[in-house]
Amino acid sequence: MNRIRIRRPDDWHLHLRDDALLEAVVPATARSFGRAIVMPNLKPPVRTVSDARAYRERILAACPVDSDFEPLMTLYLTETTTVDDIRQAAESDFVHAVKYYPAGATTNSDSGVRELERAYPVIEAMEKHGVPLLMHGEVTDGDVDVFDREAVFIERHLEKLRSTFPALKMVLEHATTSDAIDYVKSASGPIAATITVHHLMFNRNALFEGGLRPHHYCLPLIKRERHRQALVAAATSGSERFFLGTDSAPHPKHAKESDCGCAGVYSAPAAIELYAEVFEAAGALDHLEGFASLHGPTFYGLAPNDDFVELEKSPWTMDAELTAGGETIVPLRAGNEIGWRQVR
Ligand code: NCD
Ligand code: ZN
């Protein structure tokens, strides 16, 4: 297969930032994706429906004029989120989920939840109103190894959440381990996981290949090869519980190449093409459309996009650096060849 045509995909986990950076990065996503779940970790975070409405307007203003890109907004779950915030989210037609960050787990997560149980009344309202809970599924305890944070989250919190709120729609975001895959495959109730392209492409050696590689540093961290293989198997399996979420998270080059560098991989400029590479290598291009364009809408109760994109096997070279909003950003696969090209 040298050319494939799939229904226009959606990105179910995306960081678009704000201001000049927002303007610079929206087109990279809008060129391929019809919609995206936009993460709320701005500074300050998107906490309320009215914050989300204002942020959505800023995103739409930054979209290329010829694009129909639709941002699907999320609220940031804090310890002060109320049941009424959830009711308002459910009543709005543009807030599609609430994102849980454990406090301190990742970029701009200081406002996150310190004790998940304290958010249970709010989560109960989400279950009642059918608002999905998107989870950054990691614990942050200092005595838990950073590579084990996801597995320990599943053990300590996910099981209990699942049994306390059996009808709650849950997404384990950016799944990185075989533990996550096994859990999501076998759990009862509405549950799914997004999988990034960088976690499908790399094992943790990519963090240290010939030297320290800050552009492969993201959270949750890239894991061992056996975990990568479990992610590829799940993504390419055709199971409706797994769908595309890039977690594309741009940071200025100087903030990544620093003594205390930021976590995040900027994959949007070639995301769908890189997923195509992964699916091709797995001999599963016929399952790309389900993963990228069908399973996500089904989970969120939305119709798939009604138009199509076409990808062709025709190598091109990604720029070594991109200029965005007055900053330099290093994209995934910088300066190197990409095997597929979106032609339509
Ligand atoms: C994200 C970011 O930079 O906003 N970084 C990342 O490494 N994934 C935050 C997140 O999703 O954890
Ligand atoms: Zn993210």
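Key figures
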item: Residue that is nearest to the chain's Cα centre (by Cα) [pool: residues in segment 90-106 that are surrounded by fewer than 20 Cβ atoms within 10 Å (Cβ to Cβ), modelled with pLDDT of 95 or more and outside any helix (DSSP H, G or I)]; result: Phe94
item: Verdict on Ala324 being of a type outside the set (Phe, Trp, Tyr), at pLDDT 95 or above and within 26 Å of Arg213 (Cβ to Cβ); result: no
item: Residues that are within 15 Å of ligand 2 (Cβ to nearest atom), in contact (Cβ under 8 Å) with a residue 60 or more places away in the chain and closer than 22 Å to Ser258 by Cα, drawn from segment 175-223; result: His198, Leu219, Pro220, Leu221
item: Residue in segment 317-337 that is basic (Lys, Arg) and surrounded by fewer than 19 Cβ atoms within 10 Å (Cβ to Cβ) present; result: no
item: Long-range neighbours under 9 Å by Cβ, at least six apart or interchain, first residue crowded, with 19+ Cβ neighbours inside 10 Å within segment 281-308, second in a strand (DSSP E or B) and among the acidic types (Asp, Glu); result: Ala292/Asp11; Gly296/Asp11
item: Pair list, Cβ under 8 Å, 6 or more apart: segment 102-119 residue closer than 18 Å to Leu42 by Cβ and among the β-branched types (Val, Ile, Thr), other residue part of a loop (DSSP other than H, G, I, E, B) and more than 10 Å from ligand 1 (Cβ to nearest atom); result: Val113/Leu77; Val113/Thr78; Val113/Glu79; Val113/Ala103
item: Pick from segment 28-37, criterion in contact with an Asp or Glu (Cβ under 9 Å, 6 or more places away or on another chain) and of a type in the set (A, V, I, L, M), ranking: nearest to ligand 2 (Cβ to nearest atom); result: Ile37
item: Residue in segment 41-61 that is under 13 Å from Tyr100 (Cα atoms), touching a His at 6+ places or on another chain (Cβ under 8 Å) and within 14 Å of ligand 1 (Cβ to nearest atom) present; result: yes
item: Checking Asn41 against (1) within 16 Å of ligand 2 (Cβ to nearest atom); (2) under 18 Å from the mean Cα position of the chain (by Cα); (3) surrounded by fewer than 18 Cβ atoms within 10 Å (Cβ to Cβ), the condition it does not meet; result: (3)
item: Residue list for segment 42-85, restricted to those being over 30 Å from Asp306 (Cα atoms), of a type in the set (Val, Ile, Thr) and assigned to a helix (DSSP H, G or I); result: Val83
item: Residue ID - nearest to ligand 2 (Cβ to nearest atom), chosen from residues in segment 255-290 that are of a type in the set (A, V, I, L, M, F, W, C) and either out of contact with any Phe, Trp or Tyr (no Cβ under 9 Å at 6 or more places or on another chain) or assigned to a loop (DSSP other than H, G, I, E, B) (or both); result: Ala263
item: Leu14, sole failed condition from (1) surrounded by 22 or more Cβ atoms within 10 Å (Cβ to Cβ); (2) away from ligand 2 (no atom under 13 Å from the Cβ); result: (2)
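Rundown of residues vs (1) closer than 27 Å to Ile191 by Cβ; (2) away from ligand 2 (no atom under 15 Å from the Cβ); (3) assigned to a helix (DSSP H, G or I), yes/no style:
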site: Pro9; (1), (2), (3): yes, yes, no
site: Glu23; (1), (2), (3): no, yes, yes
site: Val26; (1), (2), (3): no, yes, yes
site: Gln88; (1), (2), (3): yes, yes, yes
site: Asn108; (1), (2), (3): yes, no, no
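The values are calculated or read from the model by the stated rules, or taken from the named source; none is laboratory data. The model shown is predicted, which means the values in this text are computed figures rather than measured ones. As a convention, Cβ positions derive from the backbone with ideal geometry for all residues, glycine included, and neighbour counts pool all protein chains shown.
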